[in-house]
Amino acid sequence: MALRLYNTMSSQVEDFQTIRDKEVRMYACGPTVYDYGHIGNFRTFLAVDMLQRFLRQSGYSVRYVMNITDVDDKIIRNAARDGVSVQQYTAKYEKAFLEDSAMIGIQQPTLVRATDHIPQMADFVARLVEKDIAYRTDDGSYYFRIAKFPAYGKLSKKDFGGMIDSARVEFDEYDKDSARDFALWKAPKPGEAFWSTSIGAGRPGWHLECSVMSMEELGETFDLHAGGEDLVFPHHENEIAQSESLTGKMFARFWFHVRFLLVEGEKMSKSLGNFFTLRDLVLKGHKPSSIRYLLTSVPYRNQLNFTFDGLKQAAVSVDRLRNFRQRLNCGNFSPGSNPEMQSLATETTDRMKAALEDDLNTAQAQAAIFEMVRRANAALDSNAVQKEDIPSLLAALEKFDDIFAVLNDDDAAKMKQVFEWAPTEGRDKDIGAELRDAVQFAQLSGADIENKIAEMEAARRSRNFKSSDALRTELTTAGIIIENTKDGVRWRRK
RNA sequence: GGCGCGGUACCCAAGUGGUAAGGGAGAGGUCUGCAAAACCUUUAUGCGUCGGUUCGAUUCCGACCCGCGCCUCCA
């Protein structure tokens, strides 16, 4: 078996084959850095992150490039509103994006910025003009002539046959040959940021940067291009048009699109009051690992209903996995190995691989790991797990976590960052009691806790349950969960 | 209107032409000084509705109802 992925271009699940053996060159459309990223953005980036992780786990070397769109209408407008330069404005949100990505466990791709590629973009337009594929309008803007690219619409399955030859239309403020022609380069408007280039002053249109930067980084034809489902049209369609009409070659082989999510059953929107940035959720006290788990638990092509109930459930599920790992790490086991445990680990690894190879079916991969957890826990209860089984079971768990990345408990440290950030943006009032608690709990050092536990254990040994229970309550109140096992006391943070 | 996706238990959510993964929640039980963790049992004769094809459909086909997406820069 090998990886099979849905390709938007063919509308089918296909065998994933790379141009170069065992090397994947992929590009994802990243954020426009005009505000903090919301959970919808992160669902998409997380899906691509999982794909990238799985490709590496499958033995590919991966060149993964993501763009940062740091110039567009909204950015220019907001920067002007705030009285800062475009660079100052975007630097803040780019930084926030990187912090948020790290917080939610995204492995950082090679990042490229639109504004670092202005000359290349101008050059790209000039070459299109030479081929008469692009044209300049009176105001100094440049447009792509869709009539020159008959395959236009092949990705989004749209038929533009009837419109392409329409007469020259006066279209609002612009002077396009056809209403469907799209802007490659926009002439400057009074008071707006612009760049002086070989094709004149102005700024790039939205689609241009992705064609220019992806080809510069990955070559004229690369393996996979990813983004949110909304980008199929017009963004990716336009990228294909401009790139392929310039090179005469196929632009990207696979098109990977992530479905939008719903929040509490409805489309996420500010007017509905169900619009959440990642930081909004952490401010409410939700753990980054819970958010990551929930956002990755539904396969990327299915609609995911993001709910607060689901977030709670995700937290419990993650705890279950973490408890299991701790149980494996802390117990005392007799020497030898149990063939049943060995084959359980192997079966689980195989099932996870098969699930992910099937168009990244994350839900089934989770089912496989939980099946293992349940069966191994049962075996642990009956002392059927032996010393040499531990590495095998842990290896399967690690294989899972290479992709899902929720086991490492650094939630408190991440939440602390958000806690400290809040006042800098006047968001103190949004800090929830749960976040406050989580941050406070993190202050207690491991040594402090161990000391309390030793005290508690001493009381228990002398059967002074009243005093030991008091100590446990004290720790519980501080967010420490105590478990007395036959191998001694285990503790963990809530 | 055009193109596309989906409706599965209390909640989230996989999946299959032969009778329903997994997680959470609930109930009962085991273990425990009490907890916690863990385990066991249990919770859809049912997979939007109505027809059709079939020995057999939740899975295929058709109609309808509902939700969602794209169709001028929203991941």
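Please work out how much length the chain gains when fully extended from A:LEU98 to A:GLU192, using 0.36 nm per residue of separation minus the C-alpha to C-alpha distance, in nm with one decimal.
31.1 nm
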Need one number: convex hull volume per residue for segment A:14-73, Cα atoms only, in Å³.
111
Expressed as a whole number of Å, what is the distance separating the alpha-carbon centroids of segment A:262-290 and segment A:192-211?
35
Could you tell me the center-to-center distance, by alpha carbons, between segment A:295-335 and segment A:55-110 in angstrom?
28
Using the beta-carbon distance between A:PHE370 and A:ARG461 and R0 = 35 Å, what value does 1/(1 + (r/R0)^6) give for FRET efficiency, to the nearest 0.05?
0.45
In terms of the charge dipole of segment A:266-404, which places +1 on Lys and Arg and -1 on Asp and Glu at the beta carbon, the residue among A:SER392, A:LEU295, A:THR277 farthest towards the positive end is A:THR277
Which three extents, in angstrom, do the Cα atoms of segment A:368-414 have along their principal axes, listed largest first?
38, 20, 19
Rounded to the nearest 20 debye, what is the charge dipole size of segment A:411-493 about its Cα centre when +1 sits on each Lys and Arg Cβ and -1 on each Asp and Glu Cβ?
380
Can you compute the modelled spin-label distance between A:GLN57 and A:LYS284, with each label point 7 Å from Cα toward Cβ, in nm?
2.9
Would you please give the FRET efficiency between A:ASP469 and A:ASP35, computed as 1/(1 + (r/R0)^6) with r the Cβ-Cβ distance and R0 = 41 Å, to the nearest 0.05?
0.25
Taking 0.36 nm per residue of separation and subtracting the Cα-Cα distance, what length does fully extending A:GLU216 through A:GLN386 add?
55.8 nm
Of the options A:THR247, A:THR137, A:LEU46, report the single residue whose Cα projects farthest towards the positive end of the charge dipole of segment A:4-258 (beta-carbon charges: Lys, Arg +1; Asp, Glu -1).
A:LEU46
Using the charge dipole of segment A:411-493 (Lys, Arg: +1 at Cβ; Asp, Glu: -1 at Cβ; taken about the Cα centre), state which of A:ALA470, A:SER445, A:GLY426 has its Cα farthest towards the positive end.
A:ALA470
So how exposed is A:PHE370, as accessible area in Å² (1.4 Å probe, rounded to 10)?
40
To the nearest 20 debye, what is the magnitude of the charge dipole of chain A about its Cα centre, counting +1 on the Cβ of each Lys and Arg and -1 on the Cβ of each Asp and Glu?
1260
Round to a whole number: what % of the accessible area of segment A:273-430 belongs to carbon and sulfur, probe 1.4 Å?
48
Output the direction-averaged projected area (hull surface divided by four) of the convex hull of the alpha-carbon atoms of segment A:4-258, in nm².
13.7
Per the helix-only calculation at 222 nm, which mean residue ellipticity applies to chain A, given -39500 (n - 2.57) for every DSSP H run of n ≥ 4 and division by its residues, nearest 500 deg cm²/dmol?
-15000 deg cm²/dmol
So how much slack lies between A:GLN342 and A:LEU262, counting 0.36 nm per residue of separation and subtracting their Cα-Cα distance, in nm?
24.8 nm
Place a +1 charge on the Cβ of each Lys and Arg in segment A:4-258 and a -1 charge on the Cβ of each Asp and Glu, then give the dipole magnitude about the Cα centre in debye, rounded to the nearest 20.
500
Here the net charge surrounding A:ARG113, from other residues whose Cβ is less than 9 Å away from its Cβ (Lys, Arg +1; Asp, Glu -1), is -4
Which three extents, in whole angstrom, do the alpha-carbon atoms of segment A:266-404 cover along their principal axes, largest first?
61, 32, 20
Per its Cα gyration tensor (rounded if a/c is under 1.5, else prolate when a/b beats b/c, else oblate), chain A is best filed as prolate
Simple SL model, points at 7 angstrom along Cα→Cβ for A:CYS330 and A:ALA454; separation in nm is 1.8
Assuming R0 = 41 Å, what is the FRET efficiency of A:ASP139 and A:ALA2, from their Cβ-Cβ distance, to the nearest 0.05?
0.20
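The values are calculated or read from the model by the stated rules, or taken from the named source; none is laboratory data. Just so you know, these numbers come straight off a predicted model, no measurement behind them. We place every Cβ from the backbone using ideal geometry, glycine too, and count neighbours over all the protein chains shown. The area values use the complete protein model at the heavy-atom level, side chains included, leaving out ligands, DNA and RNA. Shrake-Rupley method; radii C 1.70, N 1.55, O 1.52, S 1.80 Å.
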